[in-house]
Structure formats: C-alpha cells, structure tokens
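The values are calculated or read from the model by the stated rules, or taken from the named source; none is laboratory data. This one's a predicted model, so the numbers in the text were calculated from it and none came from an experiment. Note: ideal-geometry Cβ built from the backbone for every residue, glycine included; neighbour counts use all protein chains shown.
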Amino acid sequence: MNEDVTIIVVNIAQETYRRLQEEARKVGKAPEALTRELLEMSLQAREEARQGTARGVLQASGRVRPLGETLRRKIIPGVTRDEVRASLAKAGGPPLSEIVLRQRGAKL
C-alpha cells in the first residue's frame, strides 16, 4: 500500500450513501474515489474562504451567486444600496434582501 495514504472510516446515513453511489455512477467513479475528491475540494474551498473576504466565504459555501442578467439590467449606475433601501422603506415594500432572494430563486 502507498505510504502517503491514510485510511479512515466514516459512518454515514444509508440515504447519504445511496446519494453518493448515485452521483458516483453518474460521473463514472467509485464511491470511494468520489468521496476523496469531494473531501479534498471541500477542504480546499474552506482554506481559500478563510483567507478571503466575507464574500469569499459565502461563495465557497454556495450561498452567494453572481447576479443574473435580469437583475443586472435593473442596476441604475450611481445609485447606492442605501438609497435603494431608503426608497423601498418609503414605498412600504419588502426589504431589498427579500427582493434579491426572490429574484435569485432556489439555491443550487
């Protein structure tokens, strides 16, 4: 056996293992190989996020996505976020954060 390899045993739920097997089959890999790849990717993303900004942390966790074209077209140059929030508050509409979440749709 390769001396640079350590074996670990991880207990996971049956449903999680079923999903892992299904994903591994889709990408043509053994579940063990996909597990190793996912673990390495996750550790790398965490390391990069720690070194970055709050935005980097959110992007690494999949909680921030780039604006879609529909929202991008609605941006008015020179208008600040605070001005938008103030206008929305006066109009009695939902907060800007709710509007953005609605426009983004479901998380991937």
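Determine which member of the set Ala24, Ala54, Ala60 is of a type outside the set (D, E, K, R), surrounded by 13 or more Cβ atoms within 10 Å (Cβ to Cβ) and closer than 30 Å to Ile99 by Cβ. Steps first, answer last, please.
Details: Ala24 fails: closer than 30 Å to Ile99 by Cβ; Ala54 fails: surrounded by 13 or more Cβ atoms within 10 Å (Cβ to Cβ).
Step by step, each of Ala24, Ala54, Ala60 is checked, and only Ala60 is of a type outside the set (D, E, K, R), surrounded by 13 or more Cβ atoms within 10 Å (Cβ to Cβ) and closer than 30 Å to Ile99 by Cβ.
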Exercise. For Arg72, work out the one condition from (1) exposed (fewer than 13 other Cβ atoms within 10 Å of the Cβ); (2) of a type in the set (Lys, Arg); (3) in contact with a helix residue (DSSP H, G or I) (Cβ under 9 Å, 6 or more places away or on another chain); (4) modelled with pLDDT of 80 or more it doesn't fulfil.
Key: (3)
Quiz item: Looking at the stretch 93-103, is at least one residue in contact (Cβ under 8 Å) with a residue 24 or more places away in the chain and of a type in the set (S, T, N, Q)?
Solution: yes
Exercise. Please tell me if Ala30 is free of Cβ contacts under 8 Å to residues at least 24 places away in the same chain, within 28 Å of Arg18 (Cα to Cα) and surrounded by 12 or more Cβ atoms within 10 Å (Cβ to Cβ).
Key: no
Quiz item: Residues of the stretch 63-74 being assigned to a helix (DSSP H, G or I) and within 24 Å of Thr53 (Cα to Cα), which ones?
Solution: Leu71, Arg72
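So is Arg19 closer than 30 Å to Arg102 by Cβ, assigned to a helix (DSSP H, G or I) and not assigned by TED's automatic domain parsing to the domain that holds Ser97 or not?
Working: closer than 30 Å to Arg102 by Cβ: yes; assigned to a helix (DSSP H, G or I): yes; not assigned by TED's automatic domain parsing to the domain that holds Ser97: yes.
In short, yes.
Yes or no, residue by residue, for (1) assigned by TED's automatic domain parsing to the domain that holds Gln21; (2) modelled with pLDDT under 85; (3) of a type in the set (Gly, Ala, Ser); (4) in a helix (DSSP H, G or I):
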position	(1), (2), (3), (4)
Arg36	yes, no, no, yes
Ser42	yes, no, yes, yes
Glu48	yes, yes, no, yes
Arg55	yes, yes, no, yes
Ile76	no, no, no, no
Arg85	no, yes, no, yes
Leu88	no, yes, no, yes
Pro94	no, yes, no, no
Ile99	no, yes, no, yes
